[in-house]
Amino acid sequence: MRNSSQPDTTTRMGKFFVPPTARTPADRVREALDRAERQVTNLRGAGPRALELLHLFDQIAQRLMELEAAGVDVRAERVRFETLQRQLSHRRDSFLAEVGVALREERAIVQPDRTRWWWFLDEAAARRRWRRLRRGLIGGMIAAILLAGAWLAYERFIAPPPRMRRAFRHSSAGETLVEEGDLQAALAEFEAAAALTPDDPALWLWQGVIRSELGEPEEAERAFDFARSLYETEFDFLLERGMAYLRVGDLTAANADAEQAIAQNPQSGWGYYLRANVAVEREDYDAAIADLERAADLARAAGDAELEAYTRTQRAMVIQLRLQSTVSP
């Protein structure tokens with residue numbers, strides 16, 4: 001018989017006595033992960049309520065850090081959280097469509113630091129629009145004219161915050177230094193830009209490319225791994241890296257990425273466009289024209305007017321270069 005003076009540590013359920021179970025900090029992390037996993041796959045129709053997902057991410061990140069500091073093995077939970085972050089990154093457009101301007105308002109209240117990148121998805125989307133404007137602008141007067149137009153649109157309509165503007169100045173300086181061949185100085189500029197906007201994959205990709213060229217393969221792979229986790233698809237990563245390798249003059253690496261991009265998505269003209277630019281640098285004009293024609297056909301079929309315009313203009317220039325090469329002594 002239980003002594004009546006002792007506290008009752010059991011809970012009655014029906015006719016059975018069931019011992020109560022205490023929720024541990026690890027249990028609370030798993031519960032938050034469960035809720036976040038349900039929400040990230042059911043964004044449609046959520047509206048501003050979807051912002052709860054960002055608060056869940058904050059809770060999970062903080063609790064995982066505390067548990068790891070206490071020596072608790074949370075590797076499985078860490079993998080789940082990293083998967084969740086990738087899923088949110090891939091569903092960024094859907095999330096932003098649901099929350100709208102409420103994200104900026106909630107961010108002003110929370111005031112998160114930049115390491116909590118999920119609070120800055122709208123800024124990442126703005127940079128992505130800018131990268132799409134910038135893609136394919138490789139060398140020459142045409143690139144300069146198009147870039148000037150894109151910059152005007154960027155300044156007038158996107159209106160990024162001061163931090164993003166400073167990061168862009170650093171990245172632009174880095175790209176200029178790459179063109180001048182000063183890779184060490186360019187690396188410093190891209191590192192400064194990444195410190196301001198760490199969720200911009202292009203900044204980490206540039207660091208990887210430059211470190212690869214400087215003979216630092218391990219550091220390059222770490223930068224590539226981080227950049228890869230931020231790009232929406234492996235195809236986007238390969239295409240952007242190939243273009244960066246092309247700009248530093250590493251034609252072997254650029255061509256390898258072009259081949260992988262074509263294998264990843266043979267129905268996209270962008271991989272052929274990249275390979276065509278490599279062929280131009282190698283003065284293999286026939287191969288370049290063939291790839292540009294293939295890229296134009298795929299762009300037209302996909303309704304990608306931007307790429308079709310690039311390929312048509314580039315093809316005319318390459319034909320002129322081939323004519324010049326045949327009459328040169």
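The values are calculated or read from the model by the stated rules, or taken from the named source; none is laboratory data. All figures in this text were calculated on a predicted structure; none of them were measured in a lab. Every residue, glycine among them, receives a Cβ derived from its backbone with ideal geometry; neighbour counts consider all protein chains shown.
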Fill in the blank from the handout: Residues of region 98-112 being loosely packed, with under 15 Cβ neighbours inside 10 Å, modelled with pLDDT of 85 or more and either within 20 Å of the chain's Cα centre (by Cα) or not in a helix (DSSP H, G or I) (or both), in sequence order, are Q111
Handout entry: Test: residue in region 236-243 that is surrounded by fewer than 18 Cβ atoms within 10 Å (Cβ to Cβ) and basic (K, R)
Key = no
Completion exercise
Picking from R228, R165, R169, the residue that is outside the structural domain of R92 (by TED's automatic domain parsing), within 26 Å of G271 (Cα to Cα) and in a helix (DSSP H, G or I) would be R228
Practice task
Look through G174, G139 and report the one residue that is over 24 Å from G100 (Cα atoms) and at pLDDT below 75.
Solution key: G139
Handout entry: Yes/no for T115 being free of Cβ contacts under 8 Å to residues at least 60 places away in the same chain, of a type outside the set (F, W, Y) and within 30 Å of M243 (Cα to Cα)
Key = no
Problem - Whichever residue in region 54-81 is touching a residue at least 40 places away in the same chain (Cβ under 8 Å) and of a type in the set (V, I, T) and, among such residues, is surrounded by the most Cβ atoms within 10 Å (Cβ to Cβ) - result: V74
Practice task
Being among the aromatic types (F, W, Y) and either more than 18 Å from R114 (Cα to Cα) or at pLDDT 85 or above (or both) is the filter here, so list the residues in region 153-171 that pass it.
Solution key: Y154, F157
Exercise for the section: Kindly provide the set of residues from region 244-300 that are part of a helix (DSSP H, G or I), in contact (Cβ under 8 Å) with a residue 40 or more places away in the chain and more than 30 Å from A223 (Cα to Cα), ordered by number. Expected result: Y285
